Every structure is written in structure tokens, then in C-alpha cells.
1. With every protein chain present, what is the per residue accessible area of the range 111-237 (1.4 Å probe, Å²)?
2. Using a 1.4 Å probe on the protein heavy atoms only, what accessible surface does Tyr241 show? Give it in Å² to the nearest 10.
3. Rank by packing, highest mean first: peptides 402-410, 287-295, 322-330, with packing defined as the count of other Cβ atoms within 10 Å averaged across residues.
4. Let me check I've understood the local charge: for Ser339, count other residues with C-beta under 10 angstrom from its C-beta, Lys and Arg +1, Asp and Glu -1. What total comes out?
5. Report, to the nearest whole %, how much of the accessible area of the chain belongs to carbon and sulfur atoms, 1.4 Å probe, protein only.
6. Starting from the Cα coordinates of the chain, work out the convex hull volume and express it per residue in Å³.
7. Quick one: of Lys80/Lys437; Lys80/Lys347; Lys52/Lys111, which pairs are farther than 24 Å apart, Cα to Cα?
8. On average, how much accessible surface per residue is there in the range 343-440, in Å², for a 1.4 Å probe, leaving out ligands, DNA and RNA?
Amino acid sequence: MTVELPNDPARQDVLDAVPTFWSNPLYKPGATADNSLPISSEEVMTAQRNWKRLAPLLERCFPELAETGGAIRSELVELKALRQAVGYGGNEYGRIFIKADSALPVAGSIKARGGVYEVFLFAEQLAKLRGILADGDPITRLADVDARALFSDHTVAVGSTGNLGLSVGIAARALGFKATVHMSSDAKRWKVERLIRLGVDVIQHEADYTTAVEQARVAAEGDPSIYFVDDEQSRHLFFGYSVAALELAEQLRSLSINVDPAHPLFLYLPCGIGGAPGGVTYGAKVVFGDSVHCFFVEPVQSPCALVHLMSGSEELVSVYDVGLTNRTEADGMAVARMSGFVARVMKNMLAGVFTVSDDDLFRWVLHAHENQNIRLEPSAAAGMAGPHFVLKHPVGREFVAKEGLEGHMTEATHIVWTTGGSFVPQEQFEDFLGQAKALT
Ligand SMILES: Cc1ncc(COP(=O)(O)O)c(C=O)c1O
């Protein structure tokens, strides 16, 4: 199918695969209160309670969580030396932080918030159904021999560009499930190897992400022993991610950083299919209301959320439909078609989307390493362009004016959500740095 994008200041840049900034014309205040949404804000609180209930089991399965009592949390790190290096020296940028999901325990990426959550919830549900876990039993029962025996008769399956597969595979194997991960052709070799070492069955497709998910879904259909984590539709993944906003609120409070109309908050979230950034956006809107403005960021050849949301179409529009290739080194964002579920929720809630080149991703990986000793993979560095677009791009300036934020930008807080990288093996990381140095 070929799709004509509507007239918009960002249209030609999108088609030419040039970095650009799109402001969502349907963005409106109070969007979480829309009764026609398929979800409700209480589900964020339910997810937080679920995480707390699962925490002792998580701690039992993953000793690295002992320090946090089973919570999977990331640090909020203020940009210091890195600010100058990436051109954010001036005080017009307010305060800039990294939300370091790149170093999340268990899975080394934001996908720990979704994949681990869904697998552990499924384990609890299955154990209850089979009479292994009764009301009032400690959740750590699920690490006992009989629970593991039950889980070993079941397979958890997922389609992935890499990091979701890692988080689901790690979580499933920790509980004793069998696991199958259908990888798209973009998946990096080291992610595949790590899963194989864990005893995960990895099926590598010579096809893109949408196809890998579809084939995983078909393989799971009709086999009741397979539980399929559906990245295109899963509400569990979405709400698992959403709880990150409550964590962020607590961190900002502890730094005495206000979020209100005079102190706006900006989140910059790397987007693949949309589940992780969509879940965080929804959570943030529930927690901070209209004082937070969330932007997705995508590679210039894979802006699936941008083209779909810009098109205004009811049917999902893919990047191929507008002549783009979906080729990028940012494997986590190499997705041609966004989730329909997330698209529906983001319609009036997402402030906009910007795009970045692969070369810039490598440069930011190098800067983050050299200036602040943070290890990122290319997908994870994408949000770094956010403050620049909002403050310097003509469409960004218009956005700031339209939202009545002109007098408040020095009081703003910008959060660059870095979404993965701490598990990248040294050799692969040096290769990223080498590629970045070759560009400078
Ligand atoms: C490092 C990284 N960042 C961002 C994303 C985007 O998440 P989603 O596909 O849920 O939009 C991914 C997805 O795998 C990822 O691996």
C-alpha cells in the first residue's frame, strides 16, 4: 500500500529521511480522562501493587535485586560534563537528566519493566489456576520445586528485535519455564548468543519485526502450553512500563524538583513498536497531568509512530507505505509498524515525535561514555536530541509558545530516557565506539 502523508511542516523531512520534529496537532489537555480510551488510570496503580507483591519472588530469583528488596529501578542522573559535549551548556535548557534504564537490573534495558512483569504475572496466575498458590501463600512459593515443575511444562514465547526477547527469556528461564524467542533480522548476535546460553530456543527470522511477531503468534496459536507475550497488544507490558512514572515522580520529589505549569517536565522516549514509550507516557500523564510533555524519538528510516500518527489514518500505516526502508543500526527501534493499541492511546496524549540519524546515535553513545561513563546502545541514546528540538527547532518553538511555556523554559526539567546498553559485551561496545570515532 502507498500512503500520502498530509500537509505538515515535517512531512518532506520525514519522506527524505532527514531528522525532524513533528508536533501532534491532536495533542490536548486532560487526555487521560477520555472515557473512550480502552484503559484507565487505576490500572497504573494496580500494576504498582502487582510489582510490590511480586518483589519478594523477584528478589529470590535475581540476587542482584537484594539491595532494592526486589524492585527493578533505575537511577536518575543529572547531565553534567555531558551537557557541554552535546551542546546543552546554556541555562535556557533548564535541568537535564538521564533516566538510566540502560542500567536496569535483570535485563539491562527498559524491557525489564515490561517483559519481566508479564512473565511473573503469568506465573502467578498459572500457579493459582493449578492450585499451587493459594490466597495468603507467600509469593516465593513460585520458586519451589513443584512450581518449577509446573512451569517447565509451559513455554513462554515472544517476538523481538532483541531486548524484549532478552527480558522475557531471562524471566521465563529464572522461573523454570521453557522459552522461545522469535528474533527479527535486526537482532544483534550477542543478544541471540546470550539467550542461547540461558537455554532459550531462539528462532531467527530473515524478516522484519512485524513478521517475526506474526510468526510467533501463529506458532503459539492452538497450543495451550504456549503463553505468547504479544508486543503489539499486551496490556501487561504497557502497564509494567507505566509504573516507571511513579518511580520518576518519587525521584523528582526527593530532589525537590517541582512539576507544575511553571515548571514543565519533558520526557524523550525511544520508540520501537510503542509499548515501552507509550506505557511510560501514559503513566507520566496520570502522575503529572498536563505539566508533562512526552515525545517519542525514532530513527529517520523507521519512524513508525510518526508516520502513523501524522497520517491520521484509522488503519495502521507502516514506514514502507511512505517509501522508507526501516533500515537502522538502532535494532530496538527497527520497527516498521507501531502497535494499534498504543496508537489509539497516544492519539491525543503524545506531544510529538522527532527523528534522529544513526550517525548521531553513535556520536551520543561515545559522548555518554567519555563524559559521564554511561554505557548505551545506539537505540538508547536517541532521546539526547530532545532538548535541542524543543528549544531550537521552529516547530519546537511553536510548540513551546502554543503551550504557554515561553517564560518557563529555564525552570523546565528534561528527561532523556536512556533505554538499554549495560549488557552490551565489551567487544561490541568497543565496536560502537570505533564507529562513532570514525565519524568525528
Ligand atoms: C533499547 C531500546 N529502546 C527502546 C525500545 C522501544 O520499545 P518499544 O518497542 O516498546 O517501543 C526498545 C525495544 O526493543 C529497545 O530495545
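1. Spelled out: the 1.4 Å probe surface of the range 111-237, per residue, equals 39 Å².
2. Tyr241 exposes around 0 Å² with every protein chain in place.
3. 287-295, 322-330, 402-410
4. Once positives and negatives cancel, what remains is -1.
5. The value for the chain is 48 percent carbon and sulfur by accessible area.
6. With only Cα atoms used, the chain gives 138 Å³ per residue.
7. Cα-Cα > 24 Å for Lys80/Lys347; rest within.
8. 37
The values are calculated or read from the model by the stated rules, or taken from the named source; none is laboratory data. Here the structure is a predicted model, which means the values were calculated and not measured. When we count neighbours, we look across all protein chains shown, and the Cβ atoms used for this are built from the backbone with ideal geometry, even at glycine. The protein model used for the area step is the full one, side chains on, heavy atoms only, and it has no ligands, DNA or RNA in it. Shrake-Rupley method; radii C 1.70, N 1.55, O 1.52, S 1.80 Å.
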